[in-house]
Amino acid sequence: MKTTYALSHVIEYDPTEKTLLEEIKKWVDSNMMMMDNRFIWKVGLATSEDIVKVAGKVRSDYECKHFKYWRCESFRLAIHTLSKLTKYPFIFKSNLNQYSGKGVYIFVYKAPCPSKNLFYHTLHY
């Protein structure tokens, strides 16, 4: 086991990053029964003070579903995880995302895809 641990430092593999990213992906996959083109996932960052406001805004909108957030160890890890998540199909950055506060909370929710969105045509054809 020490060999695996030593090799993880050589290739700069951070096991905490992998588990957080995998946990978020598993949660998204479990809440997506099928590829419904009417909904997309939105992700973003928030500070500890703002996460309650974000949760309130998302939960007050009846069309937004499946809200959840996770706390990262650092702002750098949160940004890295967010950039990995936005590379997946149907996952876009939320308009509630805040970089300025250097938050460590990643939030994810499901929202309807507006028909006037730039990506609407590419998602549906």
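Quick note: the coordinates plus some simple rules give every number you see, no bench work behind them. Note that the structure is a prediction, hence the values are computed from the model and not measured. Virtual Cβ from ideal backbone geometry, glycine too; neighbours counted across all protein chains shown.
Assuming charge only on the beta carbon of Lys and Arg (+1) and of Asp and Glu (-1), the dipole of segment 21-73 about its Cα centre is about 140 debye to the nearest 20. Past 21 Å, Cα to Cα, is the threshold; run 65/102; 25/57; 42/102; 68/110; 57/87 against it and keep the listed order. Long pairs (Cα-Cα over 21 Å): 65/102; 25/57; 57/87.
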